[in-house]
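The values are calculated or read from the model by the stated rules, or taken from the named source; none is laboratory data. None of the values given here were measured: they were computed from a predicted structure. Neighbour counts run over all protein chains shown; Cβ positions are idealised from the backbone, glycine included. Accessible surface is based on the protein model in full, side chains and every heavy atom, while ligands, DNA and RNA are left aside. Shrake-Rupley method; radii C 1.70, N 1.55, O 1.52, S 1.80 Å.
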Amino acid sequence: MAGEGAGGRAASDFVEFAGAHEGPAFRAAVVVCGDPVTAERVVLEALTAVAADWGEAREAGPAATLRTAVHRRALAACGADPDAGGAAAPDTPPDPDPGATADSWGVDLLTERRSAVRAVLAGLTPRQRVVAAVRWLEERPDRETAELAHLDAARLRDAVDVVRARLGVLVHGEDATVEASDDELRELLELASDDLDEPALAESAWAAAEQRRRTVRRRGLVAGAVVLAGGAVAVAVTGRDTPAPRVAPSSSATSSTGGPGRLQGVPVDGVGVYLAPEPSLETRLPLYPDAARLALPQRLGPGRDRPLEILSPAGTTASVRAVFLVRVEGGVQPALFLPRQSTRLQLVAMAPLRPTVDAGGNTGLRLGPRSVDGERRRVVFAQPGAVVVLEVHSARTHRLAVPDEHLGTAGWATDGRTIVAASDDAGWLVDSVTGKATRAKAPVLAGWADIAVTGGPATLRSFAGDGRLTTSRELAGPDLDVQGESVSNTEGWACRAAFFGAVRATGNRMQGLAAVQGDLRPSPRILAAAATEDVPLAAYRPLAWGPRDTVLLESRSFTAEVEALRVLAWDVIENRLYRVAEVDRPASEADTDQGFTGAWCL
């Protein structure tokens, strides 16, 4: 499984994660499915699905992603519709196997007890068995148990009562006055699989996911080549005077061929440049099919018609989907979007944040693609002379000193411990456990890879788990300049806002996003923003990588001096653009009431 660069690290990270979680997943699947062969197949399919979108799963929380994948497939294997709502008719319990009795399973007490547990489980419905596995074997809270079993609150209570009563008979006999404890029920459920060998599935799952990715890439690259082949002869090197044939950009939201969202592409110096629609046409783009999977609604932000709630001083177990900085009396505080807890943003009553100040005296408020950690439980903020860490599960904050008054960015390195902070003149590695800040002697990054320009051709740089530079490779294609922060994933993809020379074939477009994968020949793909009056400089900002090699990005535009913010999704393999969400407009700086500053992140 060893490999070089981000791809090798991704494989190593996944195998380490899967090795720690495949055993508990198998035991839970045995409880739900009833037999080890089906359970093994379910867990292998679930691990393969997680591996196929490892970058997104790592960001969203891989353990929760795996649990969802396992129980969805386990329900399907039992014949229960995983998408059925909690108000649907209850599943019909199967007839217990008449041979699965305590008298037929073995000769010793432990074997008889194990057979009795299996007989009770066989008499439960698939959803009741999911409740048993999630609530007691995996020890998850009721909210998550209900979600995984696809039950509403009332049916969850009924299922809990049924499971407790039926398994309780094995503990206290027919005495209904004594209720089995959670520990007693967990010990019984562990018997369902304690005599089974747990399969080693991690490497098989990663290999299957790699094969799936190669198939998707081949299809996408072939499709991209077909689009580009219809363009014209290769466009001259960006910025040079060699004549190039005119290819009129499409005036529609997407290309007239290739299906919904497919972008028109033209070759520029051997690189595919894909032409994004004008802002007025973005609302006609097809909806992003993975929005619900990422818990992204069609409207985001702290709008004036959406009152904020105050986050409990005790914190929350919900994961952070987005963070918005809002003005409050006395300064700026973060408002968290916690979709598993509430549709309203949760304002954190912490000490107000101060604007950052660069060496030239310019102030700003900024959140980046790694402001939220990989488990989506912690948020870090750059401050003058420090980084501030918000522990969402406890609502507590920690201030870690950094000897640099001009810090502008801060983000979590991929090891989950190191914070990478930077000013215009220096990069810093901050140990979030000890609080020690070390000035870096080489470039550092809160991510797996980035696209950089340091006076020569653009390069793709890879970084270790603690944020330190490991490799750098030149990119093919046109001359680029870059700005802002890169977003990257475990598959070796990086994306960054870019500027490039205008050529006639692209309608003289000069800005957009560049995306490149290090494990392939490092040749970028470019999403070119429209060159119209309503498109400002730095119109696109990459936010995060989603499933299946898709970049989530912020698109900014102005109509009659009114700013519009949207989240779009660019599928860099299929060359499609999707509409994800509208983002509430920032409040004016003159407004003294509570208002959105415009700084936010996923």
Which numbered condition Pro334 misses (of (1) open to solvent by less than 70 Å² (accessible area, probe 1.4 Å); (2) in a loop (DSSP other than H, G, I, E, B))
(2)
I need a count of the residues in segment 520-532 that are surrounded by fewer than 19 Cβ atoms within 10 Å (Cβ to Cβ) and either part of a strand (DSSP E or B) or at pLDDT below 90 (or both).
3
Report, by residue number, each residue of segment 337-378 that is open to solvent by less than 60 Å² (accessible area, probe 1.4 Å), among the polar types (S, T, N, Q), part of a loop (DSSP other than H, G, I, E, B) and over 15 Å from Ala318 (Cβ atoms).
Ser371
Return only the number of the condition from (1) at pLDDT 90 or above; (2) open to solvent by 10 Å² or more (accessible area, probe 1.4 Å) that Leu553 does not satisfy.
(2)
Could you pull out the residue among Ala538, Ala544 that is open to solvent by 10 Å² or more (accessible area, probe 1.4 Å), touching an Asp or Glu at 6+ places or on another chain (Cβ under 9 Å) and either within 21 Å of Arg370 (Cβ to Cβ) or in contact (Cβ under 8 Å) with a residue 60 or more places away in the chain (or both)?
Ala544
How many residues are of a type in the set (S, T, N, Q) and under 21 Å from the mean Cα position of the chain (by Cα) when one looks only at segment 297-339?
4
Can you list residue pairs whose Cβ atoms sit under 6 Å apart, with the first residue in segment 1-23 being under 16 Å from Thr65 (Cα atoms) and open to solvent by 60 Å² or more (accessible area, probe 1.4 Å) and the second being part of a helix (DSSP H, G or I) and modelled with pLDDT of 70 or more? Count only pairs 6 or more apart in sequence or on different chains.
His21/Leu66
Determine whether segment 496-518 contains at least one residue that is in a loop (DSSP other than H, G, I, E, B) and within 27 Å of the chain's Cα centre (by Cα).
yes
Please enumerate the residues belonging to segment 37-59 that are small (Gly, Ala, Ser) and open to solvent by 10 Å² or more (accessible area, probe 1.4 Å).
Ala49, Ala52
Could you check, for segment 564-573, whether at least one of its residues is open to solvent by less than 20 Å² (accessible area, probe 1.4 Å), over 25 Å from Ala49 (Cβ atoms) and in contact with a Pro (Cβ under 9 Å, 6 or more places away or on another chain)?
yes
With the condition kept exactly as written, say whether any residue in segment 461-481 is over 22 Å from Ala10 (Cβ atoms) and of a type in the set (Phe, Trp, Tyr).
no
Would you pick out the residues in segment 138-194 that are part of a loop (DSSP other than H, G, I, E, B) and hydroxyl-bearing (Ser, Thr, Tyr)?
Thr177, Ser181, Ser193
Need pairs with beta-carbon distance below 6 Å; first residue farther than 20 Å from Thr65 by Cβ and within segment 277-297, second among the polar types (S, T, N, Q) and surrounded by fewer than 18 Cβ atoms within 10 Å (Cβ to Cβ); sequence gap 6+ or separate chains.
Glu278/Thr532
Over segment 262-282, the set of residues assigned to a helix (DSSP H, G or I) and open to solvent by less than 20 Å² (accessible area, probe 1.4 Å) is Pro279, Leu281, Glu282
Please work out which one of (1) open to solvent by 60 Å² or more (accessible area, probe 1.4 Å); (2) closer than 13 Å to Leu124 by Cβ; (3) among the basic types (Lys, Arg) is the condition Arg157 fails and give its number.
(2)
Sole miss for Ala410 among (1) touching a strand residue (DSSP E or B) at 6+ places or on another chain (Cβ under 8 Å); (2) hydrophobic (A, V, I, L, M, F, W, C); (3) open to solvent by 10 Å² or more (accessible area, probe 1.4 Å); (4) outside any strand (DSSP E or B) is condition (4)
